[in-house]
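Step one of this worksheet: look at the structure below.
The values are calculated or read from the model by the stated rules, or taken from the named source; none is laboratory data. Treat the numbers as computed from the prediction; the structure is a model and nothing was measured. Ideal geometry is used to build each Cβ from the backbone, glycine not excepted, and the neighbour counts take in all protein chains shown. Quick note on the areas: whole protein, heavy atoms, side chains included, nothing else; ligands and nucleic acids left out. Shrake-Rupley method; radii C 1.70, N 1.55, O 1.52, S 1.80 Å.
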Amino acid sequence: YLHYQQNNVKRAIEEPVSTFSVDVDTASYANVRRMLSREGRLPPSDAVRLEEMINYFSYNYPSPESDDIPFSINTELAPAPWSDGHQLLQVGIKGYQPVLEKRPPANLVFLVDVSGSMQSPDKLGLVKKSLRLLVNKMRADDRIALAVYAGAAGTVLESTPGDQKAKILAAIDSLDAGGSTHGSAGIKLAYNLAQQHFVKEGINRVIVASDGDMNVGTVSIEALKDLIAHKRDSGIALTTLGFGSANYNYALMEQLADVGNGNASYIDSLQEAQKVLVNEMQSTLVTIASDVKIQVEFNPAVVSEYRLIGYENRLLNREDFIFDKVEAGVIGAGPTVTAL
């Protein structure tokens with residue numbers, strides 16, 4: 001986990017505007033839940049990302065009625081439950097959710113870490129079961145490819161129509177773990193496979209399943225982020241699914257998803273895989289708005305101080321709000337994004 005400092009209190013008369021990127025990652029909640037409920041211990045403080053705890057849940061914000069308006073904006077003000085002298089301002093965004101039958105065709109590449117560190121039931125074993133859930137929801141106009149990386153990268157399954165489920169599932173079932181982890185080679189291979197069958201106006205996405213333990217090739221977070229940022233401009237997004245406990249690299253998996261215009265989830269059970277890959281498939285796969293930034297301006301005449309809760313690594317400068325070259329988060333179809 002990367003260390004971070006919680007946001008400071010700002011004086012409205014000095015800094016009246018709060019600007020930040022949306023974030024729909026949920027990995028922190030599922031990871032913290034595992035430590036508390038399964039391991040009976042408190043998590044490290046840096047594992048607790050408040051915006052991911054809040055955004056793990058769905059909220060009953062009004063939905064837009066058509067894709068002419070990609071998302072609704074809802075605000076509510078209430079007394080803070082921990083202090084009589086504070087108010088809690090909730091800013092909620094609800095993305096438009098098209099009917100499932102109208103989902104555009106998907107061109108997916110599963111990139112699975114099969115290094116030695118993945119050799120346990122809660123890692124590669126759970127990866128296989130999780131990906132099977134998504135495969136079973138694919139259609140004939142979808143395509144799935146399967147690539148792996150350990151000491152080197154390789155293609156296990158070339159891009160295959162989504163209705164050839166037996167062939168796809170057999171390739172997933174054949175995976176075994178062993179060796180070191182050459183993550184950068186796997187990422188390059190996965191993007192190349194996705195580019196070969198790029199679907200214009202469709203879903204083009206690499207889905208990485210790993211514990212994040214990359215120790216061969218390009219291993220620094222910044223170098224890997226640069227690699228994915230370059231590939232992102234091709235219209236191919238990257239989503240990360242984190243697995244395992246002892247050496248789970250949350251920092252890497254979260255930042256790769258952020259720069260890849262995707263979202264980071266943590267899978268600790270088949271139930272969580274069902275939530276992320278089936279129940280929330282639209283929001284996991286379909287992007288309805290890119291580079292989404294939030295800016296809240298406080299009136300110093302009525303607000304003396306404020307503090308943004310969470311989003312510490314999503315803060316932006318005031319001028320970044322209208323500067324399109326500054327990257328920001330994406331919103332999928334149907335999810336809610338909440339800031340306090």
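If you roll a 1.4 angstrom probe over the protein chains with everything in place, what fraction of the accessible area of the range 119-169 belongs to carbon and sulfur, to the nearest %? Intermediate results must be reported in sequence, preceding the final value.
Values: 1130 of 2120 Å².
Whole-percent figure for carbon plus sulfur exposure: 53.
Quick one: work out the % antiparallel among DSSP beta bridges in the range 67-186, nearest 5.
Values: 15 of 22 bridges.
Percent antiparallel among DSSP bridges in the range 67-186 is about 70.
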Given charges at Cβ of Lys, Arg, Asp, Glu: the range 223-323 dipole, positive-most of 315, 292, 281: 281
Square roots of five times the Cα gyration tensor eigenvalues for the range 128-170, Å: 20, 12, 7
Alpha-carbon centroid distance for the pair the range 1-62 / the range 242-268, whole angstrom: 14
Kirkwood-based Rg to Rh ratio, the range 158-281, C-alpha trace: 0.95
Relative contact order of the chain, pairs being alpha-carbon contacts under 8 Å that are 6 or more residues apart, as %: 28
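Quick one: if the Förster radius is 51 Å, what FRET efficiency do residue 176 and residue 60 give, using the C-beta to C-beta distance and rounding to 0.05?
Values: r = 45 Å, r/R0 = 0.88.
E(calc), rounded to 0.05, equals 0.70.
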GNM top mover of 261, 107, 313 - the chain, alpha-carbon springs below 10 Å: 313
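Given N residues in the range 8-113, what is its alpha carbon radius of gyration divided by 2.2 N^0.38 Å?
Numbers: Rg = 18.6 Å, N = 106, 2.2 N^0.38 = 12.9 Å.
Here the Cα radius of gyration is 1.43 times the empirical estimate.
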Rg to Rh, two decimals, where the range 241-340 supplies the alpha carbon set and Rh follows Kirkwood: 1.03
Folded to 0 to 90 degrees: helix 250-259 orientation relative to the chain principal axis, Cα: 80
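What are the semi-axes of the equivalent ellipsoid for the range 4-44, taken as the square roots of 5 times the Cα gyration tensor eigenvalues, largest first, in whole Å?
Values: eigenvalues 214, 37, 7 Å².
Over the Cα atoms of the range 4-44, the ellipsoid semi-axes are 33, 14, 6 Å.
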Mean-position separation - Cα centroids, the range 111-173 and the range 284-305, in angstrom: 37
With Cα atoms, 0 to 90° folded angle of helix 183-196 axis to the chain main axis: 80
Eligible aspartates and glutamates near residue 188 by straight Cα distance, threshold 19 Å, same-chain separation 8 or greater: 113, 158, 211, 213, 222, 226, 233, 254, 258
Value of relative contact order over the range 11-110, rounded to a whole percent, pairs C-alpha under 8 Å and six or more apart: 20
Sites residue 8 and residue 141, calculated FRET efficiency, Cβ-Cβ separation with R0 56 Å, nearest 0.05: 0.65
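To the nearest 20 debye, what charge dipole does the range 198-340 have about its Cα centre, counting +1 at the Cβ of each Lys and Arg and -1 at the Cβ of each Asp and Glu?
Details: 11 positive and 19 negative charges, 55 e Å.
Here the range 198-340 has a charge dipole of around 260 debye.
Greater than 21 Å separation of Cα atoms is the criterion. Which listed pairs, 129/275; 225/275; 102/129; 129/231; 10/293, meet it? Working shown, then result.
Values: 129/275 13 Å; 225/275 27 Å; 102/129 26 Å; 129/231 29 Å; 10/293 19 Å.
Cα-Cα > 21 Å for 225/275; 102/129; 129/231; rest within.
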Degrees separating the helix 126-135 axis from the principal Cα axis of the chain, which is the longest one: 90
Most positive-pole-ward Cα, 5, 161, 236, against dipole of the chain from beta carbon charges: 161
Amide proton proximity set for residue 334, modelled H, under 5 Å, gap of 5+: 95, 96, 97
Unit charges at the beta carbon, dipole of the chain: most positive-side option, 177, 24, 339: 177
Within a Gaussian network of the chain (alpha carbon springs, distance under 10 Å), most fluctuating of 84, 268, 25: 84
Charge dipole (debye, nearest 20) of the chain; +1 at Cβ of Lys and Arg, -1 at Cβ of Asp and Glu: 880
With every protein chain in place, the range 1-54: carbon and sulfur % of accessible area (1.4 Å): 52
Most mobile listed residue (89, 124, 224) in the chain, GNM with C-alpha springs under 10 Å: 89
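Hey, what does the equivalent ellipsoid look like for the chain, semi-axes from the Cα gyration tensor as sqrt of 5 times each eigenvalue, largest first, whole Å? All intermediate terms of the calculation are to be shown ahead of the outcome.
Working: eigenvalues 238, 100, 69 Å².
Semi-axes from the Cα gyration tensor: 34, 22, 19 Å.
Mind checking the per residue accessible area of the chain for me, 1.4 Å probe, whole number of Å²?
Values: 15320 Å² over 340 residues.
Averaged over the residues of the chain, the accessible area is 45 Å².
Please compute the Kirkwood hydrodynamic radius over the range 243-286, one decimal place, Å, based on all pairs of different Cα atoms.
Working: mean 1/r = 0.0886 Å⁻¹.
Its Kirkwood hydrodynamic radius stands at 11.3 Å.
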GluC sites (Glu not before Pro), loop per DSSP, at most 15 other Cβ atoms within 10 Å - longest free stretch of the chain: 202-340
Sulfur and carbon atoms: percent of accessible area, the range 210-290 [1.4 Å]: 48
